[in-house]
1. Using a ≥ b ≥ c from the Cα gyration tensor of region 28-95 (square roots of the eigenvalues), is it rounded, prolate or oblate, where a/c under 1.5 gives rounded and otherwise the larger of a/b and b/c decides, a/b for prolate?
2. Could you pull out the chymotrypsin sites (Phe, Trp or Tyr not before Pro) across region 1-92 that fall in loop regions by DSSP (anything but H, G, I, E, B) with no more than 16 other Cβ atoms inside 10 Å?
3. So, with +1 on the Cβ of K and R and -1 on the Cβ of D and E, and no other charges, what is the size of the charge dipole of region 28-95 about its Cα centre, to the nearest 20 debye?
Amino acid sequence: MAVAQQLGERWQASGLFEKVQWNLQADLPALREQLLRGRLAMLSAKDREQLIEHPDAFIQQRVQALFDPFTGFSLVPSQDDWLGLTGRIQNSQPQRGSVQLDIGSGALIADATAKAGCCCARAPPAMPST
């Protein structure tokens, strides 16, 4: 990602482009709020069924996830989402295509045939003012 950042900075400094963006500027507080408000509605059918039918297993998985440093990144901190529903929502979203958002860095990562790269986007060249 450092290479993508350097390339983006070089393109921006060149003056050829009006704006160069090398990472996504997501409104994380708004996304967190949306996840918190719609937790139950956005929960996958499998997770919702487990919560209703087998709450003991659901809670056991949550406790294990709290103490596992490799469970991943959640947009909503544990103190705001005790059951970990928002993390389950994040993990249950469909992963379509070879370009994925890395929420931690905001970068778009392209993955193809055992090689991964960071995507850079550029706006069209700036129009000369008359």
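Taken together, the values in this text are just the output of simple stated rules run on the coordinates, not laboratory data. Source: prediction; values computed, not measured. Here Cβ is always computed from backbone atoms with ideal geometry, including for glycine, and neighbour counts include all displayed protein chains.
1. Numbers: a/c = 1.62, a/b = 1.18, b/c = 1.37.
Cα axes put region 28-95 in the oblate bin.
2. 67, 70, 73, 82
3. Values: 7 positive and 8 negative charges, 37 e Å.
Charge dipole, region 28-95, about its Cα centre: 180 debye, nearest 20.
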